[in-house]
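Peer 1: Sending over a structure as structure tokens; questions will come in a sec.
Each reported figure results from applying straightforward, stated rules to the coordinates on display, with no laboratory input. Treat the numbers as computed from the prediction; the structure is a model and nothing was measured. Every residue, glycine as well, gets a Cβ built from its backbone with ideal geometry; the counts of neighbours run over all protein chains shown.
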């Protein structure tokens, strides 16, 4: 079935409100899910709706969170998200980080007691719109085996970096430390498709392209020891530092209903003109230099991170969103 | 030939002073080179000595730099290193970042008009000793082809992250965005050994294990688009933001004597107890959880980043340093 973003948004807000989220929280959550669909990240979109509702129903996502913002300095704030839905914690977190950077030049905001917050790029984009550079880190339930281990412990733990570019399309790098996004494996399981070779091992340590077996086994990090180290860094920054769960203790939102997830996020924001007044001219020149390079066969344009997603968003924004049968069943049941 | 670190240090200080560096600058530079040898990063050690001296001789490294530190806020400082030797710019940069973090909770220090500063971990270690968390970014001359391009533009652009651990061995991730460190390829060229398969292409775009051909061609980033994006982020943070060269314009210290390198660095430092008083207890627990995991065959201990280097350092610290014939010739000629 196909529906317009507008109709879908109404439907999602209706569902979240039915599950007792406030209007504001329902709206933030619906928009994040729809945006994921529009940029082509279906793994972070409607395929997670039922999970969110299940967790609200079991009081693992707090319908009426009392979110506390502790101001530590002009730059630093600590947010206790009180197990609110991750989209809302992320939204409050980045807004505080923007405020701190605007007033002092640099902001650093830690969020604890949060949940899966969708795509990091949602939050990075908000900061970039305010002419800030931004780093977002979030941890996630175990998916990747540390280098040398045969059991997963790190999440896919994305590193996200954003910068204004002086044009409509921001530079937004949003890259997980797994060879393949875990959400894509979940979607492959749901849609009964295969996952790329070399991206996961089954529970016995053998390579697999079966999404079901991969989810029961371990995913492989990018670049061996390097990717494992980067995932570890993200766990420290978003988990150890913030007061959230860490070291493999963040709960899987799909499979573990023994308590709230307690995911952590860290946002670092700073003014693009903190050191120089001509940052925008310089970044324009930077992008131009890269784009001018001779290209390998078959490549027409060297894209910067975020450009592809933005293209898909523009292309999809006035089209209807395709809802696979499996997911339509979910929506109708909620 | 083998010499003790002590004797070698004297020798290096003597050489740098002969090339008109001040006693302080000669000492900082000698220590950085020796430390690289002791941790087993020969590519960042003595193999670069002749290059540094050649650049000093040609006035491309400034013997008597007038380094300017511009305080922008309690947290932010911009340093114009006046083309000093990179070790000195890096040292002044991290010390300012430590000071800013100690006084305001978070420091952000940009350095421009610098040069190759050795291992990022030198600077990260200084911050970690002061109980800070630290991120170091530096750009470098073209070595990696952006994803989709057949010409190099990004440097190997390392990401470095450090954290105290509550024990003697800090967590120091220092990872270049290339499959293989460029310094290792240079060393392989010098020592006439092969480089690993899959780490570089020759100038015609064909895979090669010949260090000479690899240096004339392009190195490959880790993880395709992801690694390319991370290298781009590092170029933006350390080059575009700081006022240093960027977008492939930083000069190769070995091959390009047309002007100073104008490398940039960015240091972000913050207190480990910025948000919580029990950070050290938490990181200890984190490391313990990872180390406890079941290991793959042949692995005795899951090492955290920095542990291996520290082990080598301890092992080598009271042993004599081996100086290959090629490099001994350099030293004697200087």
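Peer 1: Let me know the shape class of segment B:178-244, please: from the alpha-carbon gyration tensor, a ≥ b ≥ c as square roots of the eigenvalues, rounded when a/c is under 1.5, otherwise prolate if a/b is greater than b/c, or oblate.
Peer 2: Values: a/c = 2.49, a/b = 1.78, b/c = 1.40.
The shape class here is prolate.
Peer 1: Which one of B:210, B:256, B:235 has the biggest mean-square fluctuation once chain B is modelled by GNM with Cα springs under 10 Å?
Peer 2: B:256
Peer 1: What's the FRET efficiency of residue B:301 with residue A:216 using the Cβ-Cβ distance as r and R₀ = 22 Å, to the nearest 0.05? Let's see the in-between values first.
Peer 2: Values: r = 27 Å, r/R0 = 1.21.
E between residue B:301 and residue A:216, to the nearest 0.05, is 0.25.
Peer 1: Could you work out the percent of alpha carbon pairs in segment B:12-75 separated by over 19 Å, rounded to a whole number?
Peer 2: For segment B:12-75, the share of Cα pairs beyond 19 Å comes to 40 percent.
Peer 1: Would any residue of segment B:14-38 have its amide N under 11 Å from a label point 7 Å out along Cα→Cβ of residue B:63? List them or say none.
Peer 2: Answer for segment B:14-38: B:17-22.
Peer 1: Here's a follow-up. Using r as the Cβ-Cβ distance of residue B:289 and residue A:308, and R0 as 41 Å, what FRET efficiency do you calculate, to the nearest 0.05? Walk me through the intermediate numbers first.
Peer 2: Values: r = 36 Å, r/R0 = 0.89.
Approximately 0.65, to the nearest 0.05.
Peer 1: May I pose another question? Report, as an integer, the average count of C-beta atoms from other chains found within 10 Å of each Cβ along B:272-284. Intermediate values should be presented prior to the final figure.
Peer 2: On the way: counts 3, 1, 9, 16, 7, 0, 1, 4, 1, 1, 8, 5, 1.
Per-residue shielding by partner chains comes out at 4.
Peer 1: I would also like to ask the following. For the protein assembly as shown, just the Cα set please: Rg and Dmax, both in angstrom.
Peer 2: 24.8, 80
Peer 1: Just to confirm the numbers: residue A:212, label point 7 angstrom along the Cα-Cβ line, distances to the other copies in nm, shortest first?
Peer 2: 5.7
Peer 1: List the distances, in nm to one decimal, from the label point of residue A:294 to the label points of the same position in every other copy, shortest first, placing each label point 7 Å from Cα along the Cα-to-Cβ direction.
Peer 2: 5.2
Peer 1: Please give the direction-averaged projected area of the C-alpha convex hull for segment A:163-208, in square nanometres with one decimal.
Peer 2: Numbers: hull surface 19.2 nm².
Average of the hull's projected areas for segment A:163-208 equals 4.8 nm².
Peer 1: Could I ask something else about it? Expected output is a single nm value to one decimal: the length gained when fully extending between residue A:103 and residue A:167, i.e. 0.36 nm times separation in residues minus the C-alpha distance. What is it? Before the final figure, lay out each step's value.
Peer 2: On the way: separation 64, 0.36 × 64 = 23.04 nm, distance 2.45 nm.
Stretched fully, the residue A:103-residue A:167 segment lengthens by 20.6 nm.
Peer 1: Express the Stokes-Einstein translational diffusion coefficient of segment A:135-276 in µm² s⁻¹, to the nearest whole number, given a Kirkwood radius over alpha-carbon pairs, 4 °C and a viscosity of 1.567 mPa s. Please report the intermediate quantities before stating the final value.
Peer 2: Details: Rh = 15.9 Å.
D = 81 µm²/s.
Peer 1: Report, for residue B:322, each distance to the same residue's label point in the other copies, shortest first and in nm; define the point 7 Å along Cα→Cβ.
Peer 2: Output for residue B:322: 5.9 nm, nearest copy listed first.
Peer 1: Ignore the peptide's own chain and count Cβ atoms of other chains within 10 Å of each Cβ in A:288-295; give me the average, rounded.
Peer 2: Numbers: counts 1, 7, 11, 3, 5, 9, 4, 5.
Across the residues of A:288-295, the mean count of other-chain Cβ atoms within 10 Å is 6.
Peer 1: With all pairs of different alpha carbon atoms counted, what Kirkwood hydrodynamic radius in Å does chain A show? Please list the in-between numbers first.
Peer 2: On the way: mean 1/r = 0.0488 Å⁻¹.
Kirkwood radius, chain A: 20.5 Å.
Peer 1: For segment B:234-326, what is the largest minus smallest coordinate of the Cα atoms on each principal axis, given in angstrom and ordered from greatest to least?
Peer 2: In descending order, the Cα extents are 53, 47, 29 Å.
Peer 1: Let me ask you something else. Can you compute the label reach from residue B:209? Point 7 Å from Cα along the Cβ direction, backbone N cut-off under 20 Å, restricted to segment B:174-192.
Peer 2: Label zone hits: B:179-192.
Peer 1: How many Cβ atoms of partner chains, on average, are near each residue of A:240-251 if near means within 10 Å of its Cβ? Provide the component values of the computation, followed by the final result.
Peer 2: On the way: counts 13, 12, 4, 5, 0, 0, 5, 10, 5, 3, 0, 0.
Mean shielding by partner chains, rounded to a whole number: 5.
Peer 1: Report, in whole Å, the centroid distance computed from the Cα atoms of segment B:150-190 and segment B:43-78.
Peer 2: 19 Å
Peer 1: Springs between alpha-carbon pairs under 10 angstrom, Gaussian network model over chain B: which of B:266, B:276, B:12 fluctuates most?
Peer 2: B:276
Peer 1: What 222 nm value per residue comes from the helices of the protein assembly as shown, counting each DSSP H run with n ≥ 4 as -39,500 (n - 2.57) and dividing by all residues, nearest 500 deg cm²/dmol? The partial results should precede the final answer.
Peer 2: Numbers: 22 runs with 254 residues, N = 668.
It comes out at -11500 deg cm²/dmol, rounded to the nearest 500.
Peer 1: Distance between the C-alpha centers of segment B:249-299 and segment A:193-253? Whole Å please.
Peer 2: Segment B:249-299 and segment A:193-253 have Cα centres spaced 20 Å from each other.
Peer 1: Right, another one. Which of the peptides B:169-180, A:312-323 is most tightly packed, and how do the rest follow, judged by the mean count of other Cβ atoms within 10 Å per residue? Numbers along the way, then the final one.
Peer 2: Details: B:169-180: 24.1, A:312-323: 13.6.
My ranking of the peptides, most packed first, is B:169-180, A:312-323.
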